[in-house]
């Protein structure tokens, strides 16, 4: 399986990529760096990737799923309820392409600060 490594501060997420056009585009763009942005319940950052909204795009995600928002060309990691959520669900601001999943703990994301450096690179399979 194809994999990414996303480093935010001293934390690392290991991501298994799905077989999607968005995952292909992100993998082709690595390595790259960006600065974290925060919205209650999610961390997101710009990616040098262009991908159209895919048929499977959705706004409600499970913890650990990674999404690409084509509006703004950013990778989104939802980790908890957002202002758009109903109850405890993780609802992104707009539907996004789900391109991968991590099994790593997301607890540290609640402490990420806006402007923190994010590095995305390919990981060994």
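A few points about this structure:
- Some residue of region 79-89 being part of a strand (DSSP E or B) and either closer than 21 Å to residue 12 by Cα or at pLDDT below 95 (or both): no
- Index of the failed condition, residue 51 passing every other in (1) surrounded by 19 or more Cβ atoms within 10 Å (Cβ to Cβ); (2) closer than 16 Å to residue 113 by Cα; (3) in contact with a helix residue (DSSP H, G or I) (Cβ under 8 Å, 6 or more places away or on another chain): (2)
- Any chance residue 26 is buried (at least 18 other Cβ atoms within 10 Å of the Cβ), out of contact with any helix residue (DSSP H, G or I) (no Cβ under 8 Å at 6 or more places or on another chain) and either more than 23 Å from residue 112 (Cα to Cα) or modelled with pLDDT of 95 or more (or both): yes
- Checked against the criterion of being free of Cβ contacts under 8 Å to residues at least 40 places away in the same chain, at negative phi, surrounded by fewer than 17 Cβ atoms within 10 Å (Cβ to Cβ) and not in a loop (DSSP other than H, G, I, E, B), region 4-20 has no qualifying residue.
- In region 23-56, the residues that are touching a strand residue (DSSP E or B) at 6+ places or on another chain (Cβ under 9 Å), in a loop (DSSP other than H, G, I, E, B) and on the phi < 0 side of the Ramachandran plot: 30, 31, 36, 47, 48, 49, 51, 52, 53, 54, 56
- Taken together, the residues in region 102-125 that are surrounded by 18 or more Cβ atoms within 10 Å (Cβ to Cβ) and within 21 Å of residue 50 (Cα to Cα) amount to 2.
- Failed item in (1) assigned to a strand (DSSP E or B); (2) closer than 19 Å to residue 119 by Cβ, with residue 60 passing the rest: (2)
- Yes/no for residue 93 being within 17 Å of residue 13 (Cα to Cα), in a strand (DSSP E or B) and out of contact with any strand residue (DSSP E or B) (no Cβ under 6 Å at 6 or more places or on another chain): no
The values are calculated or read from the model by the stated rules, or taken from the named source; none is laboratory data. All values derive from a computational prediction rather than experimental measurement. Neighbour counts run over all protein chains shown; Cβ positions are idealised from the backbone, glycine included.
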